[in-house]
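Asker: One structure coming up, written as structure tokens, with questions to follow.
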Amino acid sequence: MLVKLKEPIEFSENVSSVCLFKNLTVPEMEVAAVAGFGIKFVRVKTLNDTYQEEQLDSTEVIYENNELLRETPVLIRNMSYCFDYEDYENEEESSTENVTETSPTENVTETAIICAGGANRGTTQGDSGGPLLVIRDHHWVQYGVTSFGSILPVPGDLLAVSDQGIYTKVNAYCDWIAEKTSNEVTCQ
């Protein structure tokens, strides 16, 4: 979804635009930044929960509400860090059987999504739609948009989780963005 503002933004020292690059390559293990107003992780509820092999659900984790815009570094990861990609493709096929609306890309593939995260670094509920940013030539470049994710426990540690975040790759949608904005917004 793209949003057109009623009035232009006034840029200042603290407010600036973000770049969109059509041919952006970000290598695995590069540090990126995510930002959002999502809930804040406090801890895993019980020690037993830290020893499970599956992702934690919201009943097994303590979060606190957040009213501040927060930013944290994350590592760009290989898709296998986030999930078994073959399982994801099979799940996508079965979940879209009844969908008739088409998106800018026919199927979600590795060319349209990004995996990022790490130990106690990532996004939470409420961060969806926020940016995944990298720096190129001293400028912020939007590499992705927060989509969804999961957290895995760290065995024996109530205060640590491993974040597995999935982001929509912005440059996979450059043509669509240009079309929908009548070329007012284009990727460089």
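The values are calculated or read from the model by the stated rules, or taken from the named source; none is laboratory data. Quick caveat: nothing in here was measured; it's all calculated off a predicted structure. With ideal geometry, Cβ positions are generated from the backbone for all residues, glycine too; neighbour counts draw on all protein chains shown. Just the protein is used for accessible areas: all its heavy atoms, side chains included, with ligands, DNA and RNA removed. Shrake-Rupley method; radii C 1.70, N 1.55, O 1.52, S 1.80 Å.
Asker: Please find, among 75, 158, the residue that is out of contact with any His (no Cβ under 7 Å at 6 or more places or on another chain), modelled with pLDDT of 95 or more and within 18 Å of residue 25 (Cα to Cα).
Answerer: 75
Asker: Working only within region 50-85, note down all residues that are within 12 Å of residue 151 (Cα to Cα) and touching a helix residue (DSSP H, G or I) at 6+ places or on another chain (Cβ under 7 Å).
Answerer: 56, 60, listed by residue number.
Asker: Within the bounds of region 123-131, is there any residue that is at pLDDT 95 or above, in a loop (DSSP other than H, G, I, E, B) and among the acidic types (Asp, Glu)?
Answerer: yes
Asker: Sort out which residues of region 125-150 are crowded, with 23+ Cβ neighbours inside 10 Å and either among the β-branched types (Val, Ile, Thr) or free of Cβ contacts under 8 Å to residues at least 12 places away in the same chain (or both), and write them in order of number.
Answerer: 146
Asker: Kindly indicate the residue of region 110-122 that is in a loop (DSSP other than H, G, I, E, B) and touching a helix residue (DSSP H, G or I) at 6+ places or on another chain (Cβ under 7 Å) and also least open to solvent (accessible area, probe 1.4 Å) among those meeting that condition.
Answerer: Only one residue tops the list, namely 112.
Asker: For residue 111, state whether it is modelled with pLDDT under 95 and more than 20 Å from the chain's Cα centre (by Cα).
Answerer: So residue 111 does not fit the description; no.
Rundown of residues vs (1) on the phi > 0 side of the Ramachandran plot; (2) surrounded by 10 or more Cβ atoms within 10 Å (Cβ to Cβ); (3) touching a Leu at 6+ places or on another chain (Cβ under 9 Å); (4) not aromatic (Phe, Trp, Tyr), yes/no style:
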| position | (1), (2), (3), (4) |
| --- | --- |
| 4 | no, no, no, yes |
| 22 | no, yes, no, yes |
| 28 | no, yes, yes, yes |
| 33 | no, yes, yes, yes |
| 37 | no, yes, yes, no |
| 51 | no, yes, no, no |
| 64 | no, no, no, yes |
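Asker: Any chance region 53-66 includes a residue that's outside any loop (DSSP other than H, G, I, E, B), aliphatic (A, V, I, L, M) and under 29 Å from residue 169 (Cβ atoms)?
Answerer: yes
Asker: Considering only region 6-20, state which residues are β-branched (Val, Ile, Thr) and either at pLDDT 95 or above or surrounded by 11 or more Cβ atoms within 10 Å (Cβ to Cβ) (or both). Full working, then the answer.
Answerer: Step one: filter region 6-20 for residues β-branched (Val, Ile, Thr), giving 9, 15, 18.
The one that is β-branched (Val, Ile, Thr) and either at pLDDT 95 or above or surrounded by 11 or more Cβ atoms within 10 Å (Cβ to Cβ) (or both): 18.
Asker: What's the total number of residues in region 155-188 that are open to solvent by less than 50 Å² (accessible area, probe 1.4 Å) and either part of a strand (DSSP E or B) or under 27 Å from residue 45 (Cβ atoms) (or both)?
Answerer: Residues flagged as open to solvent by less than 50 Å² (accessible area, probe 1.4 Å) and either part of a strand (DSSP E or B) or under 27 Å from residue 45 (Cβ atoms) (or both) within region 155-188 amount to 11.
Asker: Going residue by residue through region 91-108, is there one that turns out to be on the phi < 0 side of the Ramachandran plot, modelled with pLDDT of 50 or more and open to solvent by less than 70 Å² (accessible area, probe 1.4 Å)?
Answerer: Within region 91-108 (the criterion being on the phi < 0 side of the Ramachandran plot, modelled with pLDDT of 50 or more and open to solvent by less than 70 Å² (accessible area, probe 1.4 Å)), the answer is yes, since at least one residue qualifies.
Asker: Might you let me know whether region 137-154 holds any residue that is of a type in the set (D, E, K, R) and under 25 Å from residue 82 (Cα atoms)?
Answerer: Within region 137-154, none of the residues are of a type in the set (D, E, K, R) and under 25 Å from residue 82 (Cα atoms).
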